[in-house]
Amino acid sequence: MPAKVNIPSEALISRFAPLAPVPGRPDLSAFQAPDVFALWHAWEAESGSQQDVPYWATVWPAALLAAEFFAESKESLAGKLVLDFGCGGGLAGIAACQAGAGKVIANDIDPIALWMAERNAAANRIRLETEGGDLLRVPPDPAWDIILAADMFYQKTMADRMLAWLEMARRNGTQVFIADAGRPFSPRKGVRVLKEKRYATDPDLEGVSARTVRLLAYLP
């Protein structure tokens, strides 16, 4: 972890984002902030510097749907190498490990998200590999059997890069799954819906009290 990264203290996490069962998945636990903005302000006060919003301290509906899908897909996951792209707190990757994946790599550009993904994995007695940095800058690894991209399509330029990169992965033979909570630039063509579910959301974070999440796979 780079020296300049301000990791939240144990006391701060314990107070503002304690370990708790995952909503709808009591078999999984994660460090979760009931009030992400309270954690954010306390973290900035503790570090004495500006910090990004700690989105890694909440369980997003897209991750919940992906976790449910993996739990139902144990046979197809067995022994596979899975990339949890933009992992946040790592819940989907943890669920993939729990469902029998051979190895899961959790990736995020935010080093604190990777730190939290490792903490959440340890809390569930799961081991994740972590890889930082922007993987879109390099060709996708043909060794990856499965890529999950959850809630990654907020901004058009980023979405265009992501879709081109995922298409390269598909040509390598990698299975690609997208968990989408109705973001504006998610793929609309050439995909099929594998699973769909509506979840309650935090209006302060999402601007709405519920979202419908779809688990997408590309058409053959």
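The values are calculated or read from the model by the stated rules, or taken from the named source; none is laboratory data. These figures come from a predicted structure and were not determined experimentally. Cβ placement follows ideal geometry from the backbone for every residue including glycine, while neighbour counts extend to all protein chains displayed. Protein only, heavy atoms only, side chains kept; ligands, DNA and RNA dropped before computing areas. Shrake-Rupley method; radii C 1.70, N 1.55, O 1.52, S 1.80 Å.
Does TYR218 fit the bill of being over 30 Å from ASN6 (Cβ atoms) and hydroxyl-bearing (Ser, Thr, Tyr)? Yes. In the condition set (1) hydrophobic (A, V, I, L, M, F, W, C); (2) surrounded by fewer than 15 Cβ atoms within 10 Å (Cβ to Cβ); (3) under 17 Å from the mean Cα position of the chain (by Cα); (4) under 21 Å from GLY79 (Cα atoms), ILE147 is compliant with all but (2). For segment 165-220, taking the residues that are within 23 Å of TYR55 (Cα to Cα) and polar (S, T, N, Q), the one that is modelled with the highest pLDDT is identified as THR212.
Within segment 161-177, identify whether any single residue is in a loop (DSSP other than H, G, I, E, B), closer than 17 Å to ALA66 by Cβ and either among the aromatic types (Phe, Trp, Tyr) or open to solvent by 20 Å² or more (accessible area, probe 1.4 Å) (or both), and answer yes or no. So far as segment 161-177 goes, no, none of its residues is in a loop (DSSP other than H, G, I, E, B), closer than 17 Å to ALA66 by Cβ and either among the aromatic types (Phe, Trp, Tyr) or open to solvent by 20 Å² or more (accessible area, probe 1.4 Å) (or both). Taking segment 11-32 as the range and being surrounded by 21 or more Cβ atoms within 10 Å (Cβ to Cβ) and small (Gly, Ala, Ser) as the test, the residues that pass are ALA17, ALA30.
Of the numbered criteria (1) in contact (Cβ under 8 Å) with a residue 60 or more places away in the chain; (2) open to solvent by 20 Å² or more (accessible area, probe 1.4 Å); (3) part of a helix (DSSP H, G or I), the one ALA66 fails is (2). In segment 84-100, the residues that are under 10 Å from PHE70 (Cα atoms) and modelled with pLDDT of 95 or more reach residues that are among the charged types (D, E, K, R) and open to solvent by less than 20 Å² (accessible area, probe 1.4 Å) with C-beta atoms within less than 8 angstrom, at least six apart or across chains, in these pairs: ALA92/ASP84; GLY93/ASP84; ALA96/ASP84.
For segment 185-217, a tally of residues being crowded, with 16+ Cβ neighbours inside 10 Å, in a strand (DSSP E or B) and touching an Asp or Glu at 6+ places or on another chain (Cβ under 8 Å) returns 5. Considering only residues in segment 101-129 that are open to solvent by 50 Å² or more (accessible area, probe 1.4 Å) and under 22 Å from PHE69 (Cβ atoms), the one that is modelled with the lowest pLDDT turns out to be ARG127. Out of ALA113, ALA106, ALA122, one residue alone is among the small types (Gly, Ala, Ser), free of Cβ contacts under 8 Å to residues at least 24 places away in the same chain and within 24 Å of GLU10 (Cβ to Cβ). It is ALA122.
Scanning segment 33-55 for residues that are open to solvent by less than 50 Å² (accessible area, probe 1.4 Å) and of a type in the set (A, V, I, L, M, F, W, C) gives ALA33, VAL36, ALA38, LEU39, ALA42, TRP43, VAL53. Cβ-Cβ contacts under 6 Å between residues 6 or more apart (or on different chains), taken from a first residue in segment 137-155 that is closer than 14 Å to TRP165 by Cα to a second residue that is open to solvent by 20 Å² or more (accessible area, probe 1.4 Å) and of a type in the set (Gly, Ala, Ser), are listed as MET152/GLY86.
From the list SER29, SER47, SER73, SER14, the one residue that fits, being out of contact with any Lys or Arg (no Cβ under 7 Å at 6 or more places or on another chain), in contact (Cβ under 8 Å) with a residue 60 or more places away in the chain and among the hydroxyl-bearing types (Ser, Thr, Tyr), is SER29.
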